[in-house]
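Visitor: Below is one structure. I have some questions about it.
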Amino acid sequence: MANSKFENVYISSNCNQCPNALHWGNNNLICYASCNSVCIYDPEFGSGGKVVQSLAKHTALVNSVRWLKGSDVPFENEIVSGSADGDVIVWTLNDGKFSHNILKGHNSNIAIVDGMYRQEERMGATVVSGSMEGNVKIWYRPTCSDAFVLRQTLDFGYNICISMRIYTLDLLSNHIILAVSLDDSSIRLFLEDDTSQELNLKPAAKLKGHEDWICGLDFTRDGGDLLLASSSQDNFIRIWRMTRQEKSALNSSAVNMKTSKWNFKIYVESILIGHEGWVYSVSWNPINNTLLSASWDKTMVIWEFDKEHNLWLDNIRVGEVGGNTLGFFGGVFGPDGDTIIGYGYHGAFHMWKNDGVDWNPMVTVGGHFRQVVDLAWDPKGSYLFSVSSDQTCRIHAPWPTEKSPITWHEIGRPQVHGYDMNSIAVFSKYKYASASEEKVIRTFAAPSNFIDNYIRICKVDNDHHIVADNTTAKGASVPSLGLSNKAVFTSDNNAQSQVKNSKEIYPEESYFTALDLDEPPTEETLLQNTLWPEIRKLYGHGYEVYGLSASSDGKYLASACKSTTQEHAAVLLWDTADWKQIQKLISHTLTVTQMCFSPDSQRILTVSRDRRWSIFEKNEEEKFVLAATTNKATGIHTRVIWCCAWTHDSCFFVTGSRDGKLAIWTKNPDKAIENVLGQYQSASSHLSLPKDSVTAVATAPCLISGQFLFAVGLESGNIHFYKWTIENLWQLVLDLSESIAHHLTVKKIQFRPVLGQTGKKKDDNDILQVATCSADYSLKIFNLFIKNL
């Protein structure tokens, strides 16, 4: 890191909501699909794991990812991914960096991909991809230095490929067997033609038995036999055994599959009944032939063959308990065979590890599963809030441990709402307001149970006295059909012991239990036991609230709603002491897209879809009055202004627009008031990025080498960092491309309000942290090394 300008500290993003979107390689790295990207998750990093990289080249949702596997390749270094854009991409890891090879041939959504290495050739590989247009394509690469070439297309007419798995028929011949499940509830088997010099797959058998779509397939070897596990939406799992026989030994009672030398008898060894919902995936243990199944009934089951009774039994059952969840999309074994990971409907990860006696839940990574639309540091930079169109507000914080590097995790989910979230404003460490697709603003305060757990997990000084009193809630719960987080007090918990069933007080989905945690909570705990109680609802807007902003002193809250008229485009100002509306600031005629208080809390800057900005200044009567605005004659921007920000000294402010311009403004007390600008004027020439739109901007909390530092987020997902002074103007010092920053629109950027790294008690004034969020479902935190900028 000696000469590096930055490092990625945290990537927060959940898995896509589809089967086959996660795979765990023998290299102990997990790849999973997240929006249009592939994320690389190292579960062994630090004490809680870390998403170390995101790979972005797809232009639509990634539906399937797999590590290329092979018995003679101990550690995989290639991933194949398929997307709704119709592209298949092979990612190759060399010297710590991934290169990509795009395979074009499909004209429709890619549903499933798989790939494997060939034993006889050095890094030669075969990749298969199935699309919604009813075909499977086979791609082949003779050696690692060659490109993949389309060798064959298997056409199924009007049948759609649901799942697929490729494997070697036996260790001696190295010939390929391909299993494809179609929407007619059948499995088609294809064998490599062993009489041909070229790769060619021929139909070999058709397996029937399931009564609904087959969503999961997986092969393993049992001695000289092959086992194929299939899981279906009929709630059943079937295990098919393929036994090799002499060519002449045909069996009329079983399905026969032939090669030029051998005949394979295929029969159902067992039907596993134990799930009460669709079974989306099956995965064999790489160490022993136990089978993991993941189902829509909120459980994952490990099945083991009992030799004494000659039966497959459900040996271990784990899963989600409570909360608003809908079960599992998939689950896989780790390379050690003693760890399993699954992901649910909301993309959240669940990991369990076997200690020899029990399977214990483990700390995992996670994040939002829809656009992350806003974020905010608490005033001291202790942790980070984020809100998303997945209808949740989440808190992210570092987890320091003595012997391992710091890892970031979600430590709280204060709000699980029923509307898509739009904005958040943080007043203090333990108090915030949020807005969603409704006319109401909701304010929240931290319960004592969250504060206790935060102090233990993050190992910070006890500041419980800031909010602790007799009225502080222990936690919060949400009624089954409600949207408001209701406070739960200690007396409520004591009353539970007086009833036979504690659920008589709280419905199953919202039941709160106070927990003492020493490590980041699991998904089930986050859903139910980290909610913050709602303290006040604020009414006043006529349409859905679009944006919020809090003053740096925490005394004021500004809010704006969606609007097409001047009446509803007014900014409402609230006093946070009593939550009363104290002013209505009128200037704009269309939706105010962002508001920003100056750091000294004396001015409010607003920008709008009407292509104007406005400044409201506090007068002697403690009222905010319109001091300046722009119009067509005085403005610089020609398109909607998306973002704005003040410099740390309250002397300058910047505005960013869809026209790709970033303008900087200042107040000149000596300027005569000649027009609507008042005493405000442009501070220098504007920055122009004509090929992109400026969607987010932030300023550093201090001067960097005597200059202002600006972070500029773009619609493309790129983030640029510029230094600026009146003398030196705009100097690009750092450019984060889509592979590092984001691959869709940057929604918000905010620097940590103080220098140094969150979670480290030792001050480090050479590091500045910046948080970013995007429409690509991700939130990221970067360390900027000030000396190298």
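The values are calculated or read from the model by the stated rules, or taken from the named source; none is laboratory data. Note that this is a predicted model, so its numbers are computed, not measured. Please note: Cβ atoms are built from the backbone with ideal geometry, for glycine as well, and neighbour counts cover all protein chains shown.
Visitor: Hey, among the residues in the range 69-114 that are hydrophobic (A, V, I, L, M, F, W, C) and not in a strand (DSSP E or B), which one's nearest to the chain's Cα centre (by Cα)?
Guide: We begin by selecting, within the range 69-114, every residue hydrophobic (A, V, I, L, M, F, W, C); these are 73, 75, 79-80, 84, 88-91, 93, 98, 102-103, 110-113.
Pick out the ones that are also not in a strand (DSSP E or B) and you get 73, 75, 84.
Values: Val73: 30, Phe75: 26, Ala84: 18 Å.
Here the answer is Ala84.
Visitor: Residue under question is Val571, and the condition is that it be closer than 21 Å to Ile749 by Cβ and surrounded by 20 or more Cβ atoms within 10 Å (Cβ to Cβ); does it hold?
Guide: Values: closer than 21 Å to Ile749 by Cβ: no; surrounded by 20 or more Cβ atoms within 10 Å (Cβ to Cβ): yes.
For Val571, the condition - closer than 21 Å to Ile749 by Cβ and surrounded by 20 or more Cβ atoms within 10 Å (Cβ to Cβ) - is not met.
Visitor: The conditions are (1) within 26 Å of Val136 (Cβ to Cβ); (2) not in a strand (DSSP E or B), and Val65 fails exactly one of them. Which is it?
Guide: All conditions are met except number (2).
Visitor: Against the condition touching a Leu at 6+ places or on another chain (Cβ under 8 Å) and under 18 Å from Leu755 (Cα atoms), how does Thr695 come out, does it pass?
Guide: Working: touching a Leu at 6+ places or on another chain (Cβ under 8 Å): yes; under 18 Å from Leu755 (Cα atoms): no.
So Thr695 fails the test.
Visitor: Of the residues that make up the range 242-262, is at least one modelled with pLDDT of 95 or more and farther than 23 Å from Asn174 by Cβ?
Guide: No, the range 242-262 has no match at all.
Visitor: Separate question: For the list (1) surrounded by 18 or more Cβ atoms within 10 Å (Cβ to Cβ); (2) of a type in the set (Gly, Ala, Ser); (3) touching a residue at least 40 places away in the same chain (Cβ under 8 Å), I need the number of the one condition that Ala741 fails.
Guide: All conditions pass for Ala741, except number (3).
Visitor: Can you tell me which residue is farthest from the chain's Cα centre (by Cα) among those in the range 689-730 that are over 30 Å from Ser99 (Cα atoms), assigned to a strand (DSSP E or B) and polar (S, T, N, Q)?
Guide: Quick first cut of the range 689-730, residues over 30 Å from Ser99 (Cα atoms) only: 697-710, 723-730.
Then keep just the ones that are assigned to a strand (DSSP E or B); that gives 697-699, 704, 707-710, 723-725, 729-730.
If we keep only those that are polar (S, T, N, Q) as well, we get 699, 707, 725.
Numbers: Thr699: 26, Gln707: 34, Thr725: 37 Å.
Here the answer is Thr725.
Visitor: What do you reckon, is Glu674 within 23 Å of Tyr556 (Cβ to Cβ), in the same structural domain as His720 (by TED's automatic domain parsing) and modelled with pLDDT under 95? Let's see the steps before the verdict.
Guide: On the way: within 23 Å of Tyr556 (Cβ to Cβ): no; in the same structural domain as His720 (by TED's automatic domain parsing): yes; modelled with pLDDT under 95: yes.
For Glu674, the condition - within 23 Å of Tyr556 (Cβ to Cβ), in the same structural domain as His720 (by TED's automatic domain parsing) and modelled with pLDDT under 95 - is not met.
Visitor: Out of everything in the range 649-688 that is surrounded by fewer than 18 Cβ atoms within 10 Å (Cβ to Cβ) and under 18 Å from Leu732 (Cα atoms), what residue ends up being nearest to the chain's Cα centre (by Cα)?
Guide: Selected residue: Ser688.
Visitor: Starting from the range 762-789, keep only residues that are within 30 Å of Gln17 (Cβ to Cβ) and modelled with pLDDT under 95, then list their pairs with residues that are part of a strand (DSSP E or B) and of a type outside the set (Val, Ile, Thr) whose Cβ atoms are within a distance under 6 Å, requiring at least 6 positions of separation or different chains.
Guide: Correct list of pairs: empty, since none qualify.
Visitor: Here's another thing I want to ask about it. For Ile641, indicate whether it is within 30 Å of Leu689 (Cβ to Cβ), in the same structural domain as Gln707 (by TED's automatic domain parsing) and touching a Leu at 6+ places or on another chain (Cβ under 9 Å).
Guide: Values: within 30 Å of Leu689 (Cβ to Cβ): yes; in the same structural domain as Gln707 (by TED's automatic domain parsing): yes; touching a Leu at 6+ places or on another chain (Cβ under 9 Å): no.
It is false that Ile641 is within 30 Å of Leu689 (Cβ to Cβ), in the same structural domain as Gln707 (by TED's automatic domain parsing) and touching a Leu at 6+ places or on another chain (Cβ under 9 Å).
Visitor: For the range 434-444, does any single residue satisfy the condition of being at pLDDT below 95 and assigned to a strand (DSSP E or B)? First the steps, then the outcome.
Guide: Initially, the range 434-444 is screened for residues at pLDDT below 95, giving none.
Checking the range 434-444: not a single residue is at pLDDT below 95 and assigned to a strand (DSSP E or B).
Visitor: Test of understanding: among Arg165, Arg151, Arg238, which residue is of a type in the set (D, E, K, R), buried (at least 19 other Cβ atoms within 10 Å of the Cβ), more than 31 Å from the chain's Cα centre (by Cα) and not in a loop (DSSP other than H, G, I, E, B)? Break it down into steps so the answer makes sense when it comes.
Guide: Numbers: Arg165 fails: more than 31 Å from the chain's Cα centre (by Cα); Arg151 fails: buried (at least 19 other Cβ atoms within 10 Å of the Cβ).
Answer to the selection: Arg238.
Visitor: Cβ-Cβ under 6 Å, sequence separation 6+ or interchain: first residue in the range 577-588 and under 13 Å from Ile604 (Cβ atoms), partner among the charged types (D, E, K, R). Which pairs?
Guide: Ile582/Asp575; His588/Asp610
Visitor: If we only count strands (runs of 3 or more DSSP E) wholly inside the range 292-344, which ones have 3 or more residues that are buried (at least 21 other Cβ atoms within 10 Å of the Cβ)? Spell out the reasoning first.
Guide: Working: elements: 299-306, 311-319, 328-333, 339-344.
Once the strands (runs of 3 or more DSSP E) in the range 292-344 are filtered for at least 3 residues that are buried (at least 21 other Cβ atoms within 10 Å of the Cβ), what remains is 299-306, 328-333, 339-344.
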